[in-house]
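Working notes, beginning with the structure itself.
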Amino acid sequence: MTELKNNAQSNAAPPAETEKPAKVWLREVVEKVYQDAWDAKERGEPVGWSASKFPAEIAETLGLRVCYPENQAAAIAAKHGGQRMCEYAEALGYDNDICGYARISLAYAAGAGGDERPMPQPDFVLCCNNICNCMTKWYENLARMHDIPLIMIDIPYNNTDEVNEENITYIKAQFDDAIKQLEEISGRKFDEDKFAEVCANANRTAQAWLKACSYCQYKPSPLSGFDLFNHMADVVTARCRKESAEAFEALAEEYERNVAEGKSTWRYDENHRIMFEGIPCWPELQKLFKPLKEKGINTTAVVYAPAFGFVYNNMEEMIRAYCKAPNSVCLETGVEWREGICRENKVDGVLVHYNRSCKPWSGYMPEMERRFRKNLGVGVVGFDGDQADPRNFSEAQYNTRVQGLFEIMEAQKKGE
Amino acid sequence: MSEIAGTAVSRKYSMGVDIGSTASKCIIMAEGKEIVAKSLIDVGAGTSGPDRVIAAVLKDSGLKLEDMTHIMSTGYGRHSLEIAHSEMSELSCHARGAYFQHPAVRTIIDIGGQDAKVMRIDENGILENFVMNDKCAAGTGRFLDVMARVLEVKLDDLEKLSAESQNEVRISSTCTVFAESEVISQLARNTHKRDIIKGIHRAVASRVGALARRIGLVDDVMMTGGVALNDGVRLALEEELEHDIFTTELAQYNGALGAALFAWQRSKKKEI
């Protein structure tokens, strides 16, 4: 099996653009992903749409440009286009029980517009169901709508902590098949050296991302955990790019400086620290943030850190890494991830988003809540919402739950 | 300082105002120990309810607003009460109110106008954790309001009619709108209203019972909120959860009571 070199170990030279705030840099990296896709389309090259945890290394190695519907949907939702797009999809016959990202994406594919985050229409789609089972039907619909190839990688749900050998063999065969299909689409041969370089970039990005996230361990934290939601876009869309790794390294350096200088991107009191569980309600980010900042509750743990911060040294480890996504791991692994970051990042409460768009994720939350209460001994509170459809969120209900959590944390603090 | 029945008031008072979605409740307490006056108006946030309920307790007690050392608001409309010195969530207030009434209480089931919540409190009456209903109004007071209207019975009569049921009907929908359709279908089949009502109570108990199981039931279990006054729901919940569940005459005032107690605590802190 090919051994992959790890660029992160090589102490790369500091990026030339260190003066630019990392958040600006990170934003530019994402913009470039989309611009590259537009340019490729302009040149007549095939452009793909990809699930967020499809092995990006394959398309990148073959020089194929891809866009990410989940990221696009989040951007459209954050800019308040979610309801319009969801309603468009519903008028096409897609039920409002379906994931909001899927509805936005299907609406965009059907020509609904989406000026909030435009991207070229797809010539092929890359689907991997490790992130959610909903992806399969979503991408089948995209492929049928545009009459284009669907490259599917099926990751079996992991009922145990370990990934079994049969699954590795099964997934490896699918990787090989995906490479073959994408060779035909791109008209290029898969280059192992290029693949090793791309994987090294992905590892370097993942390590830099994990490092940046790890600064939440400091008390007070040098960052607002909500920043990580925004920076997620780079981990999803540009993991295999050197620029992405460099931008995250710059972000980690900024946090390091913040620690040294006693600064933080969290500009409020840090009375309490919580884990925010789940995808945020993108259309209502300000409303989510408001009671937290007013009460001095910083988010210092988000599950995206372990979920997207994976590093591997060879193809088998890479396959194992792709088996570990939020909706493809068993309850025990999911609890272990979360309780790990809760302890490391010293949270005294957990705020759980029961996301109407994400049934698999929200489905096992009641049991997770029970375990958090038992194992962590902290206040755990849930609220109803949606990652993209604003109709599923009630600000008054959310505020009451946050206030209740705050009062529990205050009482526990005074009891110490 | 005001006078009560010609006697100079020497005691200190606090006020708790619970502005819910369907009712406003207010309590004045003397020195955090004794309820001096209480009032309830059947309209809540955004209505004349809060002003009227405050006016009513002041009239009953012969006190003035200036006599209050601290006024605390709670409930859905807690942010809108200008005269309040502070506010707290109804969760903490229910915990405090219930503990005041019955110090052995560890689990509180509160069914209000538009939400249902289950709270766990510790041996000092401090809120440890809670779960609330999701966005859906199924299993709340509003659910019963809608059903009573469809059945053309008074809300207060639900309990009595339910107790007369001989043949309970199953209402399977948790959605208020779908459950309403089920009730209409049952009425069209000439099913006795009492049997439908018992089924409605069972549906509420099933929904709220699931919430209670999520947080885990520890005795003593107390039921608060307006729906607690309907013994049909309380008994259905007892059967559902296989636990004794008690309530008190102050069930609907419990949030306001907790707010008045917290208000008193805040005023004492200020003195220190």
Could you figure out which of (1) touching a residue at least 60 places away in the same chain (Cβ under 8 Å); (2) surrounded by fewer than 24 Cβ atoms within 10 Å (Cβ to Cβ); (3) closer than 25 Å to A:F372 by Cα isn't true of A:I297?
-> (2)
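Step by step: first the residues of the stretch B:129-153, then only those that are free of Cβ contacts under 8 Å to residues at least 40 places away in the same chain and over 19 Å from the mean Cα position of the chain (by Cα), then the one that is farthest from the other protein chains (Cβ to nearest Cβ). Which residue is that? Outline the logic, then answer.
At the first step, the residues of the stretch B:129-153 found to be free of Cβ contacts under 8 Å to residues at least 40 places away in the same chain are B:134-135, B:137, B:146, B:148-150, B:152.
Keeping just the survivors that are over 19 Å from the mean Cα position of the chain (by Cα) gives B:149-150, B:152.
Numbers: B:R149: 23, B:V150: 25, B:E152: 31 Å.
Ranking the qualifying residues of the stretch B:129-153, first place goes to B:E152.
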Within the stretch A:392-409, how many residues are under 19 Å from B:M119 (Cα atoms) and touching a residue at least 60 places away in the same chain (Cβ under 8 Å)?
-> 7
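Conditions (1) touching a Phe, Trp or Tyr at 6+ places or on another chain (Cβ under 7 Å); (2) under 28 Å from A:Q403 (Cα atoms); (3) free of Cβ contacts under 8 Å to residues at least 40 places away in the same chain; (4) assigned by TED's automatic domain parsing to the domain that holds A:R356, marked per residue:
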| site | (1), (2), (3), (4) |
| --- | --- |
| A:F248 | yes, no, no, no |
| A:E256 | no, no, no, no |
| A:A260 | no, no, yes, no |
| A:P280 | yes, yes, no, yes |
Can you give me the number of residues within the stretch B:65-90 that are within 11 Å of chain A (Cβ to nearest Cβ) and acidic (D, E)?
-> 2
With respect to B:I83, is the statement that it is on the phi < 0 side of the Ramachandran plot and assigned to a loop (DSSP other than H, G, I, E, B) true?
-> yes
Assess whether B:T107 counts as being closer than 22 Å to B:S267 by Cβ, in contact with a strand residue (DSSP E or B) (Cβ under 7 Å, 6 or more places away or on another chain) and not charged (D, E, K, R).
-> no
Condition set surrounded by fewer than 18 Cβ atoms within 10 Å (Cβ to Cβ) and either charged (D, E, K, R) or in a loop (DSSP other than H, G, I, E, B) (or both), scope the stretch B:154-167, selection nearest to the chain's Cα centre (by Cα): answer is B:D156
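Considering each of B:L237, B:L211 in turn, give the residue that is within 12 Å of B:G139 (Cβ to Cβ) and surrounded by 24 or more Cβ atoms within 10 Å (Cβ to Cβ).
Among B:L237, B:L211, only B:L237 is within 12 Å of B:G139 (Cβ to Cβ) and surrounded by 24 or more Cβ atoms within 10 Å (Cβ to Cβ).
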Condition broken by A:V352, with the remaining ones in (1) over 21 Å from the mean Cα position of the chain (by Cα); (2) modelled with pLDDT of 90 or more; (3) outside any loop (DSSP other than H, G, I, E, B) satisfied = (1)
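For the subset of the stretch A:123-173 comprising residues that are of a type in the set (S, T, Y) and surrounded by fewer than 18 Cβ atoms within 10 Å (Cβ to Cβ), which member is nearest to A:G48 (Cα to Cα)?
To start, the set of residues in the stretch A:123-173 that are of a type in the set (S, T, Y) comprises A:136, A:139, A:157, A:160, A:169-170.
With surrounded by fewer than 18 Cβ atoms within 10 Å (Cβ to Cβ) added as a condition, the list becomes A:136, A:157, A:160, A:169-170.
Working: A:T136: 16, A:Y157: 25, A:T160: 33, A:T169: 26, A:Y170: 24 Å.
Filtering first and then ranking leaves A:T136.
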Answer yes if at least one residue in the stretch B:91-113 is modelled with pLDDT under 90, surrounded by fewer than 24 Cβ atoms within 10 Å (Cβ to Cβ), within 12 Å of another protein chain (Cβ to nearest Cβ) and not in a strand (DSSP E or B), and no otherwise.
-> no
Restricting attention to the stretch A:189-234, report how many residues are touching a Cys at 6+ places or on another chain (Cβ under 9 Å) and not in a helix (DSSP H, G or I).
-> 3
With the condition kept exactly as written, say whether any residue in the stretch A:305-321 is touching a Gly at 6+ places or on another chain (Cβ under 8 Å) and either part of a loop (DSSP other than H, G, I, E, B) or under 29 Å from A:M365 (Cβ atoms) (or both).
-> yes
A:N314: out of contact with any helix residue (DSSP H, G or I) (no Cβ under 8 Å at 6 or more places or on another chain) and either of a type in the set (G, A, S) or at pLDDT below 95 (or both), yes or no?
-> yes
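Checking the structure you have, find out if any residue of the stretch B:110-119 is of a type outside the set (D, E, K, R) and under 18 Å from B:D219 (Cβ atoms). If you could, list the steps in order and put the result at the bottom.
Initially, the stretch B:110-119 is screened for residues of a type outside the set (D, E, K, R), giving B:111-114, B:116, B:118-119.
From what is left, the residues that are under 18 Å from B:D219 (Cβ atoms) are B:118-119.
Yes.
If we scan the stretch B:43-61, do we find a residue that is in contact with a Gly (Cβ under 6 Å, 6 or more places away or on another chain), more than 18 Å from B:D220 (Cα to Cα) and surrounded by fewer than 18 Cβ atoms within 10 Å (Cβ to Cβ)?
Yes, the stretch B:43-61 contains a residue that is in contact with a Gly (Cβ under 6 Å, 6 or more places away or on another chain), more than 18 Å from B:D220 (Cα to Cα) and surrounded by fewer than 18 Cβ atoms within 10 Å (Cβ to Cβ).
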Matching residues in the stretch A:355-364 (modelled with pLDDT under 90 and either in a helix (DSSP H, G or I) or touching a strand residue (DSSP E or B) at 6+ places or on another chain (Cβ under 7 Å) (or both)) number 5
Considering only residues of the stretch A:368-404 that are assigned to a loop (DSSP other than H, G, I, E, B) and small (G, A, S), which is nearest to the other protein chains (Cβ to nearest Cβ)?
-> A:S394
Residues satisfying the stated conditions in the stretch B:119-128, i.e. part of a loop (DSSP other than H, G, I, E, B) and either of a type outside the set (D, E, K, R) or in contact (Cβ under 8 Å) with a residue 60 or more places away in the chain (or both) | B:N124, B:G125, B:I126
For the stretch A:29-41, the count of residues that are touching a residue at least 60 places away in the same chain (Cβ under 8 Å), within 18 Å of A:T205 (Cβ to Cβ) and not β-branched (V, I, T) equals 2
Within the stretch A:359-391, can you find the residues that are buried (at least 23 other Cβ atoms within 10 Å of the Cβ), touching a residue at least 40 places away in the same chain (Cβ under 8 Å) and not acidic (D, E)?
-> A:G385, A:Q387, A:A388
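Which of the residues belonging to the stretch B:171-225 are small (G, A, S), in a loop (DSSP other than H, G, I, E, B) and either within 14 Å of chain A (Cβ to nearest Cβ) or under 19 Å from the mean Cα position of the chain (by Cα) (or both)? Let's see the steps before the verdict.
Taking the stretch B:171-225 as the starting set, the residues that turn out to be small (G, A, S) are B:172-173, B:179, B:181, B:185, B:188, B:199, B:203, B:205-206, B:209-210, B:212, B:216, B:225.
Now drop any that are not in a loop (DSSP other than H, G, I, E, B), which leaves B:172-173, B:216, B:225.
Hits for the stretch B:171-225 are B:G216, B:G225.
Going through the stretch B:240-269 one residue at a time, which ones are among the aliphatic types (A, V, I, L, M) and either surrounded by fewer than 17 Cβ atoms within 10 Å (Cβ to Cβ) or part of a helix (DSSP H, G or I) (or both)? Reasoning before the result, please.
Start the filter on the stretch B:240-269 by keeping residues that are among the aliphatic types (A, V, I, L, M), which leaves B:241, B:245, B:250-251, B:256-257, B:259-261, B:263.
Within the stretch B:240-269, B:L241, B:A251, B:A256, B:L257, B:A259, B:A260, B:L261, B:A263 meet the criteria.
The values are calculated or read from the model by the stated rules, or taken from the named source; none is laboratory data. The model shown is predicted, which means the values in this text are computed figures rather than measured ones. Every residue, glycine as well, gets a Cβ built from its backbone with ideal geometry; the counts of neighbours run over all protein chains shown.
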